[in-house]
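Beneath this line is the structure, given in structure tokens, with notes to follow.
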Amino acid sequence: MIEAGILSAADRVELIDGEVVEMSPIGSRHAACVDRLNQILNRLVSDRFIVRVQNPICLDDYSEPQPDLCLLQPRADFYAQTHPTPADVLLVVEVADSSAGFDREVKLPLYAQDAVPEVWIINLPADIVEIYSQPAGGKYQKSQELQRGEVIKSETISQISLDANAVLG
């Protein structure tokens with residue numbers, strides 16, 4: 001679409017279920033949360049996994065979301081030849097300032113359908129961290145909401161354990 005002149009490289013869009021969807025603007029609290037998580041996750045796992053920030057993952061021919069962060073299986077070319085697919089993704093993190101409903105109702109089912117093992121929705125307005133894991137039958141079988149002061153422990157990556165306060169800011 002960029003090559004055809006329909007979109008510019010500056011357009012903030014993602015492909016969701018065959019539709020080009022405009023992404024919400026990134027506010028300062030959202031940006032700070034992504035930066036904090038990037039620093040924390042790189043410190044915890046960067047020698048074992050790739051921490052990818054706001055770049056596409058290819059779920060299928062119709063969906064190429066751009067999660068705020070994801071942890072990927074290591075690959076020598078850092079996915080230079082193709083975007084990561086669900087088999088490469090260990091954890092997706094969506095930071096939601098104004099997009100919590102969209103992330104939960106539209107993107108989360110897509111991730112579950114393609115068996116992304118774990119998804120976090122950092123719900124900034126509600127001041128909680130939503131964790132979804134154990135995808136089966138197009139749905140996550142396990143979900144939990146963590147409040148400030150609680151510990152976030154990844155079910156997929158044992159090295160990840162952090163205080164929700166560190167994520168929420």
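The values are calculated or read from the model by the stated rules, or taken from the named source; none is laboratory data. Note that the coordinates shown come from a computational prediction; the quantities given were computed from them, not determined experimentally. Every residue, glycine among them, receives a Cβ derived from its backbone with ideal geometry; neighbour counts consider all protein chains shown.
Assess whether Q73 counts as being polar (S, T, N, Q) and more than 22 Å from V20 (Cα to Cα).
yes
Can you pull out the residues in region 142-156 that are assigned to a loop (DSSP other than H, G, I, E, B), at pLDDT 95 or above and under 16 Å from the mean Cα position of the chain (by Cα)?
Selection gives S154 alone.
Are there any pairs with C-beta distances below 8 angstrom linking a residue in region 142-165 that is over 16 Å from D127 (Cβ atoms) and touching a residue at least 40 places away in the same chain (Cβ under 8 Å) to a residue that is small (G, A, S) and not in a loop (DSSP other than H, G, I, E, B), with the two at least 6 apart or on different chains, and if so which?
Close Cβ pairs (under 8 Å, with a partner that is small (G, A, S) and not in a loop (DSSP other than H, G, I, E, B)) amount to S154/S161; T156/S133.
Residue under question is C70, and the condition is that it be touching a Lys or Arg at 6+ places or on another chain (Cβ under 6 Å) and without any contact (Cβ under 8 Å) to a residue 40 or more places away in the chain; does it hold?
Spelling it out, C70 is indeed touching a Lys or Arg at 6+ places or on another chain (Cβ under 6 Å) and without any contact (Cβ under 8 Å) to a residue 40 or more places away in the chain.
Could you list all residues from region 65-101 that are surrounded by fewer than 19 Cβ atoms within 10 Å (Cβ to Cβ) and acidic (D, E)?
Once the filter is applied, which keeps residues that are surrounded by fewer than 19 Cβ atoms within 10 Å (Cβ to Cβ) and acidic (D, E), region 65-101 yields D77, D97.
I'd like to know if region 45-63 contains one or more residues that are at positive phi and in contact with a strand residue (DSSP E or B) (Cβ under 9 Å, 6 or more places away or on another chain).
yes
Would a scan of region 47-65 turn up a residue that is under 19 Å from Q159 (Cα atoms), more than 13 Å from the chain's Cα centre (by Cα) and free of Cβ contacts under 8 Å to residues at least 24 places away in the same chain?
Checking region 47-65: at least one residue is under 19 Å from Q159 (Cα atoms), more than 13 Å from the chain's Cα centre (by Cα) and free of Cβ contacts under 8 Å to residues at least 24 places away in the same chain.
With respect to the numbered conditions (1) on the phi > 0 side of the Ramachandran plot; (2) part of a loop (DSSP other than H, G, I, E, B), which one is the sole condition not fulfilled by Q159?
(1)
Is it the case that region 69-76 has a residue that's under 10 Å from the mean Cα position of the chain (by Cα) and more than 19 Å from C33 (Cβ to Cβ)?
Taking every residue of region 69-76 in turn, none turns out to be under 10 Å from the mean Cα position of the chain (by Cα) and more than 19 Å from C33 (Cβ to Cβ).
Could you go through region 72-86 and let me know if any residue there is within 22 Å of E145 (Cβ to Cβ), in contact with a Phe, Trp or Tyr (Cβ under 7 Å, 6 or more places away or on another chain) and not in a helix (DSSP H, G or I).
Within region 72-86, none of the residues are within 22 Å of E145 (Cβ to Cβ), in contact with a Phe, Trp or Tyr (Cβ under 7 Å, 6 or more places away or on another chain) and not in a helix (DSSP H, G or I).
Taking L44 as the residue in question, decide whether it is farther than 14 Å from D97 by Cβ, among the aliphatic types (A, V, I, L, M) and either more than 16 Å from the chain's Cα centre (by Cα) or assigned to a loop (DSSP other than H, G, I, E, B) (or both).
Here the answer is yes, as L44 does meet what is asked.
Could you check how many residues of region 110-141 are touching a residue at least 12 places away in the same chain (Cβ under 8 Å), within 22 Å of I16 (Cα to Cα) and not in a strand (DSSP E or B)?
Matching residues across region 110-141 total 9.
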